Amino acid sequence: QVQLVESGGGVVQAGGSLRLSCAASGSIFSINTMGWYRQAPGKQRELVAIITSVGITNYRDAVKGRFTISRDNAKNTVYLQMNSLKPEDTAVYYCNAKSGFEVATNRPGSWGQGTQVTVSS
């Protein structure tokens, strides 16, 4: 089992920045891919960015050039630097971790409790 704890959410004006952190504990040796997802009210949860154990990243188009995902394997922590925030970025942001098996079999993996990000216009 992997436990994930997010931090860093808050309220920011449009154009501002926030940095989210997600610390992993438990069976961390099994973690392959880590990522950030978000869910706005009335909408489905969507992928924001993912990073593999070797640092390969992928972003949804809406955040490319504004968000940066990074990973510190020594600290078992993944970060999401969010710049030039827009009101449409408002959502609960969730951290996710998957083992290689969970990636290969398209299983959901482990989730954090979520952190609220609110961008005011």
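The values are calculated or read from the model by the stated rules, or taken from the named source; none is laboratory data. Note that this is a predicted model, so its numbers are computed, not measured. Cβ: placed from backbone, ideal geometry, glycine included. Neighbour counts: every protein chain shown. Just the protein is used for accessible areas: all its heavy atoms, side chains included, with ligands, DNA and RNA removed. Shrake-Rupley method; radii C 1.70, N 1.55, O 1.52, S 1.80 Å.
Would you say Ile56 is within 14 Å of the chain's Cα centre (by Cα) and either open to solvent by 70 Å² or more (accessible area, probe 1.4 Å) or without any contact (Cβ under 8 Å) to a residue 60 or more places away in the chain (or both)? Here the answer is no, as Ile56 does not meet what is asked.
When residues of region 85-104 are filtered for being open to solvent by 60 Å² or more (accessible area, probe 1.4 Å), farther than 19 Å from Gln39 by Cβ and not aliphatic (A, V, I, L, M), how many remain?
Here is the first cut: in region 85-104, the ones open to solvent by 60 Å² or more (accessible area, probe 1.4 Å) are 86, 88, 101, 103-104.
Subset that is farther than 19 Å from Gln39 by Cβ: 101, 103-104.
Checking which are not aliphatic (A, V, I, L, M) leaves us with 101.
Number satisfying all stated conditions: 1.
Here the condition is being in contact (Cβ under 8 Å) with a residue 12 or more places away in the chain and open to solvent by 60 Å² or more (accessible area, probe 1.4 Å); of Arg45, Arg71, Arg66, it holds for Arg45 alone. Take Leu80 and decide whether it is surrounded by 14 or more Cβ atoms within 10 Å (Cβ to Cβ) and assigned to a loop (DSSP other than H, G, I, E, B). In short, no. Taking the criterion of being open to solvent by 30 Å² or more (accessible area, probe 1.4 Å) and within 15 Å of Arg38 (Cβ to Cβ), the residues of region 4-17 that qualify are Gly8, Gly9. Every condition in (1) in a strand (DSSP E or B); (2) within 19 Å of Asn106 (Cβ to Cβ); (3) not acidic (Asp, Glu) holds for Ser53 except the one numbered (1). Taking the conditions (1) part of a loop (DSSP other than H, G, I, E, B); (2) at pLDDT below 95 in turn, Val103 satisfies each one other than (1). Listed by first and then second residue, the pairs with beta-carbon distance under 6 Å, at least 6 apart or on different chains, first residue in region 25-42 and within 20 Å of Val63 (Cβ to Cβ) and in a helix (DSSP H, G or I), second open to solvent by 20 Å² or more (accessible area, probe 1.4 Å) and among the hydrophobic types (A, V, I, L, M, F, W, C), form an empty list. Summed over region 19-32, the residues that are open to solvent by 20 Å² or more (accessible area, probe 1.4 Å) and modelled with pLDDT of 95 or more give a count of 3. Quick check on region 11-24. Is at least one of its residues under 16 Å from Cys95 (Cα atoms) and in a loop (DSSP other than H, G, I, E, B)? No: zero hits. For the condition within 15 Å of the chain's Cα centre (by Cα), modelled with pLDDT of 95 or more, acidic (Asp, Glu) and on the phi < 0 side of the Ramachandran plot, Asp89 qualifies.
Kindly indicate whether Asp61 is open to solvent by 60 Å² or more (accessible area, probe 1.4 Å), more than 22 Å from Arg107 (Cα to Cα) and among the acidic types (Asp, Glu). It would help to see each step written out before you state the result.
Values: open to solvent by 60 Å² or more (accessible area, probe 1.4 Å): yes; more than 22 Å from Arg107 (Cα to Cα): yes; among the acidic types (Asp, Glu): yes.
The answer is yes for Asp61.
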